[in-house]
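Peer 1: Attaching a single structure in C-alpha cells format; questions to follow.
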Amino acid sequence: MPTTRHLGELRAPQLAAALTPDSIVVQPLGAFEQHGPHLPFNTDLLIAERVAEAAVERIGEALDAWLLPPLAYTKSNEHAWSPGTIWLSASTLLAVLDDIGRCIATTPARRLVFLNGHGGNSALLGVANRELRLHHGLMTFLAHPGLPPDQGGSSPPDELGMGIHGGTDETSLMLHLAPDTVDMSLATRNVPEWLAGNRYVRFGGPVGFGWLSDDFGPDGHIGDPTGATAAHGRDKFDAAVQAFTEALAEIAEFEFRR
Ligand SMILES: [Zn+2]
C-alpha cells in the first residue's frame, strides 16, 4: 500500500486499489482574495490546506481518508472591487463542484468532504452537498477550519462577533503558519460597531443581508487583527486539526438509517 495520503501522488493502478466504498475523499477549498493590508491573498488557501493535511496525516490511514489538491479559486465576489482578487461566479463554482463529484463517483469512494477555508463559499457548498448527493449518489459533507462568526462560529469578544475576515483569529493563524507573509505594522482595527447592537440585522442574526467587503470601509478586512499572536494562531490551528480529525472519524461512521 502507498504511504502517501495524497491521491495525486498515486499511479492509476495504486489509486484503483486504494479507494474503496469506505474511503473518504477530502477536498480543501481556499480562495485567492484580498485579506486587508496585512495578510496575503492565499490566506484561506493556506489555512484550509494545512489543516486538511495535518488531520489526514494523523488519521487518514486509520479511516481510509485521502486528500485532493486544494481548490485555489472559489467564490470571492465580495472582494471583486479589489484588484488581483480572482473569483469564480456562483454558477461556475457550482458547476466545478458538480464536475468534481461526477469524477469522484467514477471511483468506489462514496464520501466526499469539503474543508472550506473561505466563508463566502459556505452557502454554495451547502447547495452543492445536496446537488452532488442527488446527481452522483455521493455522501457529502461540509467542514471548516473555523466556522465563520456570521455562520454560528465565534470570534474574540473584542471583535463583537464580527471578526469575519482578516481579524484576530485568521491573522493569528497566519502568524503561526506563514509569518513572513504577514505585516503587522499595517494591521488596524476595523470592526463595524454600528452593526453590533442590532437585534435582527447583523452577522449571524435572524435577518441576513448581502454585503461586499468594502461596505465596511476601504481596507477590506473586517475584524481586529491588532491583538493577533503566533501563539494564539498555534492554539487555533491545533484546535482546528483536532476538530477536523474528530469530524472525519464521525464522517467515517455516518450512515443514513432509512
Ligand atoms: Zn480569510
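Any read-out appearing in this document is the output of simple, stated calculations on the displayed coordinates, not a laboratory observation. If you're wondering where the values come from, they're calculated on a predicted model, not measured in any experiment. All Cβ positions, even for glycine, are placed from backbone atoms using ideal geometry, and neighbour counts span all protein chains on display.
Peer 1: Residue by residue, what Karplus-based ³J(HN,Hα) values in Hz, rounded to whole numbers, does the range 143-150 have, using 6.51, -1.76 and 1.60 with θ = phi - 60° and x for Gly and Pro?
Peer 2: Each residue of the range 143-150 in turn: 10, 10, x, x, 5, x, x, 7 Hz.
Peer 1: Mean residue ellipticity at 222 nm from the helices of the chain, using -39,500 (n - 2.57) per DSSP H segment of n ≥ 4 over the full residue count, to the nearest 500 deg cm²/dmol?
Peer 2: One gets -12000 deg cm²/dmol as the mean residue ellipticity at 222 nm.
Peer 1: I need the phi-derived Karplus couplings for the range 82-89: 6.51 cos²θ - 1.76 cosθ + 1.60, θ = phi - 60°, integer Hz, Gly and Pro marked x.
Peer 2: 9, x, x, 5, 10, 10, 9, 5
Peer 1: While we're here: What does DSSP give for the chain in terms of the percent of beta bridges that are antiparallel, rounded to the nearest 5?
Peer 2: Roughly 15 percent of the beta bridges in the chain run antiparallel, per DSSP.
Peer 1: Amide H of residue 32: which non-local residues (sequence gap of 5 or more, or other chain) have their own amide H closer than 5 Å, using H built in the peptide plane?
Peer 2: For residue 32, whose amide H was placed from the backbone, the distant partners under 5 Å are 74, 86.
Peer 1: Okay, next question. By count of other Cβ within 10 Å, fewest leading, how are 174, 184, 1, 139 ordered?
Peer 2: Ranked by crowding around the Cβ, least crowded first: 1, 184, 139, 174.
Peer 1: When Lys and Arg each count +1 and Asp and Glu each count -1, what net charge do the other residues less than 11 Å away from residue 5, Cβ to Cβ, add up to?
Peer 2: Taking every other residue near residue 5 into account, the sum is -4.
Peer 1: Let me ask something else about it. Enumerate the calculated ³J(HN,Hα) couplings along the range 200-207 in order (Karplus 6.51 cos²θ - 1.76 cosθ + 1.60, θ = phi - 60°), each rounded to whole Hz, writing x wherever the residue is Gly or Pro.
Peer 2: 10, 8, 7, 4, x, x, x, 10
Peer 1: Among 8, 35, 76, pick out the residue whose Cα is farthest towards the positive end of the charge dipole of the range 1-160, where Lys and Arg carry +1 and Asp and Glu carry -1 on C-beta, about the Cα centre.
Peer 2: 8
Peer 1: What Kirkwood radius, in Å to one decimal, follows from the Cα pairs of the chain?
Peer 2: 18.9 Å
Peer 1: Return the single residue from 25, 201, 113 with maximal mean-square fluctuation; model: Gaussian network over the chain, springs between Cα atoms under 10 Å.
Peer 2: Result: 201 has the largest fluctuation of those listed.
Peer 1: Sticking with this one: For a quick check: sort 20, 106 by the number of other beta carbons within 10 angstrom, fewest at the front.
Peer 2: 106, 20
Peer 1: Under the rule of at least 5 residues apart or a separate chain, name every residue whose amide H is placed under 5 Å from the amide H of residue 224.
Peer 2: Residues meeting the criterion, in which the H sits 1.01 Å from N, are 168, 190.
Peer 1: Next question, about the same structure. From Cα pairs below 8 angstrom and at least 6 apart in sequence, can you work out the relative contact order of the range 88-158, rounded to a whole percent?
Peer 2: Once normalised by length, the contact order is 33 percent.
Peer 1: Would you please give the residues with an amide H less than 5 Å from that of residue 26, counting only those at least 5 places away or on a separate chain, with H modeled from the backbone geometry?
Peer 2: 66, 67, 68, 113
Peer 1: Only four residue types carry charge here, +1 at the Cβ of Lys and Arg and -1 at the Cβ of Asp and Glu. Report the dipole size of the chain about the Cα centre in Debye, rounded to the nearest 20.
Peer 2: 820 debye
Peer 1: Starting with the fewest neighbours, write out 114, 254, 216 ranked by other beta-carbon atoms found within 10 Å of each beta-carbon.
Peer 2: 254, 216, 114
Peer 1: Excluding residue 150 itself, calculate the net charge of residues whose Cβ lies under 14 Å from the Cβ of residue 150, where each Lys or Arg counts +1 and each Asp or Glu counts -1.
Peer 2: Once all neighbours under 14 Å are counted, the net charge is -4.
Peer 1: Once label points are set 7 Å from the Cα along Cα→Cβ at both residue 212 and residue 20, what is their separation, rounded to one decimal in nm?
Peer 2: My value for the distance between the label points is 5.2 nm.
Peer 1: For residue 140, what charge total do you get from the other residues with a beta carbon under 9 Å from its beta carbon, if Lys and Arg give +1 and Asp and Glu give -1?
Peer 2: Counting the neighbours of residue 140, the net charge comes to +2.
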